[in-house]
Structure formats: structure tokens, C-alpha cells
Amino acid sequence: MKILIKSARIIDNESPYNNKVMDILVENGIIKEIAPVVKVRKPDLEVNFENLHVSQGWFDSSINFGEPGFEERETLENGLRTAAYSGFTAIALNPGHDPVTDNKGAVTFLKNKAEKQPVSLLPIGALTRKSEGKDMAELYDMQQAGAVAFGDFKKSVSNPNLLKLALQYSQNFDGLVMSFPQEDRIALNGQVNEHESSTMLGLKGIPALAEELQITRDLYILEYTGGKLHIPTISTAKSVEIIRDAKERGLDVSCSVAIHNLFLTDEVLNEFDTNAKVLPPLRTKSDVKALISGVKDGTIDMVTSDHIPIDVEHKKVEFDNALFGTLGLESALGALLKLFSVRTTVKVLTSGKSRFNLGENVIDEGSPANFSFFDPDREYIFQKEHILSTSKNSLFMGKELKGKVYGILVGEEYLAS
């Protein structure tokens, strides 16, 4: 099969064609030719859009769907299709399902369900059995089945010895351990950021200290044990400083930030919109400024949509009773391009691949085709009609965004949004 991509600006720092407008010929899933004009008779498919930009396929390191257990929120099939139409060619799926992904069979189930989808599904296995924080799960067996990392979804490792053992044990197979950054005994039953806004709204706060103390503890353990640690979705200025210092000391640590924690502050809570109830919570302007700086200087390794579909029965309730989480896939590109340049946006959407053992696909002749197509200049207001997920709990509703996704190409599979 021959696929011709016409007049696309290539955004790929590793490619010799970076920032050039070129034609790209893909034949049998491999990049056959890249040139200003590629002549081919009757291609099977021609990709030709206004202001077309192409990059390596994007990757999201923190995705939640409903299935298994909560199919009414999102099925795997529709979730992966939403990811594709949002420009992503690979996602790491958190273990927060029912049953929890804590064994080889559960990992195999997810891999088999996603086998025929163009978007690669990379399961994250639970660190502990049933994510209860007591006994370590079957990490090696899950890795052999295809798990790319191990962590309990939105749950911190409260037992320091358990984290120590996990980091030591996982070194035997180069495993990546994840630790959610929240000390629950300080966060307690907090709902939002502990700040002036929480006091004014009469809502229980989650102090920045809960995150920073947990990260500090985890990094001390990492320094003692060695191994590989990933800290998902940091949210405070101090957390950026702590991780920056750890990297300068040579610790093998990576971290991510949720796009909504870059885009919004706790000021939006004045409307008591439960879609803005997220974990970690939206923080202050100074936190957002530090997080954006951390993305730009590389302290923060990757961004994530932290996509969590929640059904209306668990969102359209009193704020205290609403579940944490927002949609994020559909708005990811649009939010990032309001904050960063095209080059930085593409970098943070692709930079997490190697950490999760996903190979990079440099845009060059002879490489496998793995592309995201987009127009970075299209401006619009995000509305319900832009949501492809079954659930509709997006905190980006009504926000001005920038950038349109055209689709993806993985091998010979092309999906246009």
C-alpha cells in the first residue's frame, strides 16, 4: 500500500528534515521517500490538509478508561479511538479498574483487547495487590506479559519499606516504579488546594506539603536503593525544585505534569464546577509558573492529559461527593499550544516514550511510519461537540484553545479526525 503525505512541515528534532515542508511517501508501512515533491502514480491514499504539520506519534503516560469494570464511563475500544482522533499513537493505561491490573492475566487481557487498534496500549501494572498498599504484586510476571511500569493509580506508597523493596526488586528486570506524590496523612480528606480559595469556598484543602513531603521521602529511598522511579503528575513549585535537585545529584527519576495543572489555577473553583475537582488539585499562579518553567527546562520530562472519564452520576453531585478526574485527550494539543511553541509542544508529547520502553520513530527514510498530523494555528472554543469520550466531564469546556488534530498514521493504518 502506498500512502502519499503532501506538503507537510516536519516537526522532529531528530530528523534531518526538521522544520522543512516535504512530501512523504509511505510504502507498506515504511517511509520510502522524503522530498520537496514526490512523484508517484496513483497512490492508494493521499493525506493533504491545509497547514499540515507532521511529527512522531504522540504518547500519553497517564490514561484511565472505564473498562474493565466501569464500561459505562468508557470502553477500551472507544477510549483508544478517542486517543487516535486526539493525535496519540500510544498510551500508558493506569491500573485503576475493577478488577485492578495486578497480575499477568489482567495485563494479557488488556493487550489482547487492544491488539487490533492503531493506538498502542501499554499497561501499567499495580504495584501492590488490589492496589491496597500491603503486599507487592507480581511485578516480573506482569512485565513479561507487557506491563511497562508499576504503580497504584492515584494512591501513594504509604509504607516506605514497600517502596524500598520494590525499587530493589525491580532492578533485576529494569522495571520502572511509580509513586503517586501525596502523603495521605496530611492530605486527609482534602478536596482542593489548601489556599485562600479553599477557605473562601469552605472546602477541605490539600496542602502543597502533602506532595512535597512524599516526593522528598521517595527520593531519599531512591538514593539508598538505586533503581528507576517515576513521579506522576506533580503540581507545586517546590516539587519542581526538589526533583531538579535530585536529577543534578544523578538520581534516576522522571516526572510528569497534567496539562490542566499547567493551564488552570484554583481560581476556577469559584464556580464549584466538579469537573475542576482533580487530583492533584489545581494550584496557584506561582505554582503554574514554576511548572511551565520546569517543562521548558526539562526538569519535567513529559506532560499527560491525565484523562479520567467519570459518568454523570459521579460528577453532577455535591462537590465533596464528586469523584476526582477530568477528560484530557481531546483538549491536549489545544491547551498546550496556548502555552508553548509548536516545537516545545511536540517535544513534551513525545519525550516520555523511552522512559516507558517505547521506541522512537524518527521521521527519516527507512523508518516505520508513526505520525501525528495537525494544524498548530487553528483557534477555537472547546465545546461539548469536541468531546469524543462517552463521559463528558471536561474542565476545558468553554476555554479558548489552539490547534487542530488531523489524525494519525501507524504503519498502514490511517485515522482522520
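The values are calculated or read from the model by the stated rules, or taken from the named source; none is laboratory data. Quantities reported herein were computed from a predicted structural model and do not represent experimental measurements. Because the Cβ atoms are built from the backbone with ideal geometry, glycine has one as well, and the counts that use them run over all protein chains shown. Note: areas computed on protein heavy atoms with side chains; ligands, DNA, RNA excluded. Shrake-Rupley method; radii C 1.70, N 1.55, O 1.52, S 1.80 Å.
Tally Lys/Arg at +1 and Asp/Glu at -1 over every other residue whose Cβ is under 9 Å from the Cβ of Glu67; what's the total? With Lys, Arg at +1 and Asp, Glu at -1, the neighbours total -1. Relative to the longest principal axis of the Cα atoms of the chain, the long axis of helix 160-170 lies at roughly 30 degrees. Scaling the Cα radius of gyration of the range 87-126 by the globular reference 2.2 N^0.38 Å produces a ratio of 1.12. The calculated 222 nm mean residue ellipticity attributable to helices in the chain amounts to -7500 deg cm²/dmol, summing -39500 (n - 2.57) over DSSP H runs of n ≥ 4 and dividing by all residues.
Partners of Lys296 within straight-line reach, counting lysines whose Cα lies under 21 Å from its Cα and excluding those fewer than 8 residues away in the same chain: Lys238, Lys247, Lys285, Lys338, Lys347, Lys353, Lys402.
Can you tell me the mean projection area, over all orientations, of the convex hull of the range 261-356's alpha carbons? Units nm², please.
Reported value for the Cα convex hull: 6.8 nm².
Centre-to-centre separation between the Cα atoms of the range 228-266 and those of the range 274-291: 13 Å. Note: relative contact order over the range 1-122, using C-alpha pairs below 8 Å and six or more positions apart, is 21 percent.
Give me the net charge for the shell around Glu33: Cβ to Cβ below 9 angstrom, other residues only, Lys and Arg +1, Asp and Glu -1. Let's see the in-between values first.
Working: positive: Lys32; negative: Asp23, Glu27, Glu365.
After counting each charged neighbour, the total is -2.
For Lys113, which aspartates and glutamates qualify as cross-link partners when the Cα separation must be under 15 Å and same-chain residues fewer than eight apart are set aside? Of all the aspartates and glutamates, those that pass the test against Lys113 - Cα under 15 Å, at least 8 places apart if same chain - are Glu67, Glu71, Glu74, Glu77.
Which value, in Å², gives the accessible area per residue of the range 104-241 when a 1.4 Å probe is used on the protein heavy atoms? It would help to have the intermediate numbers written out before the result.
On the way: 6080 Å² over 138 residues.
Solvent-accessible surface per residue comes out at 44 Å².
Working value for the range 86-226: equivalent-ellipsoid semi-axes of 29, 20, 13 Å, each the square root of 5 times a Cα gyration tensor eigenvalue, largest first.
Between Glu413 and Ala35, what is 0.36 nm times their sequence separation minus the Cα-Cα distance? Round to one decimal in nm.
Details: separation 378, 0.36 × 378 = 136.08 nm, distance 2.21 nm.
Answer, rounded to one decimal: 133.9 nm.
Beyond 24 Å, how much of the Cα-Cα pair distribution for the range 278-411 remains, as a whole percent? Cα-Cα pairs in the range 278-411 separated by more than 24 Å: 39 percent.
Specify the angular offset, from 0 to 90 degrees and rounded to the nearest 10, of the alpha carbon long axis of helix 208-225 from the longest principal axis of the alpha carbons in the chain. So the helix axis and the longest Cα principal axis differ by about 80 degrees. Per residue, the Cα convex hull of the range 86-153 amounts to 77 Å³.
Using the alpha carbons alone, the radius of gyration of the range 7-141 stands to its Kirkwood radius in an Rg to Rh ratio of 1.11. Helix 76-85 and the long axis of the chain differ in direction by around 60°, with both axes built from C-alpha atoms.
Per the Debye formula on identical point scatterers at the alpha carbon atoms of the chain, with no solvent, log10 I(q)/I(0) at q = 0.06 Å⁻¹ is -0.23.
Rounded to the nearest 0.05, the FRET efficiency derived from the C-beta distance between Val317 and Tyr220 at R0 = 41 Å is 0.55. Computed with a 1.4 Å probe over protein heavy atoms only, the accessible surface of the range 250-370 comes to 35 Å² per residue. The Rg/Rh ratio of the range 135-184, with Rg taken over Cα atoms and Rh as the Kirkwood radius over Cα pairs, comes to 0.95.
Rounded to 0.05, the FRET efficiency of the Glu46 and Glu14 pair, given R0 = 30 Å and the Cβ-Cβ distance, is 0.70. Solvent-accessible area assigned to carbon and sulfur over the chain amounts to 47 percent, based on a 1.4 Å probe. Non-local lysine pairs in the range 1-55, meaning eight or more places apart or on different chains, with alpha-carbon distances under 13 Å, amount to 5.
If r is the Cβ-Cβ distance from Phe272 to Asn112 and R0 is 25 Å, what FRET efficiency results, to the nearest 0.05?
In this case the efficiency is close to 0.05.
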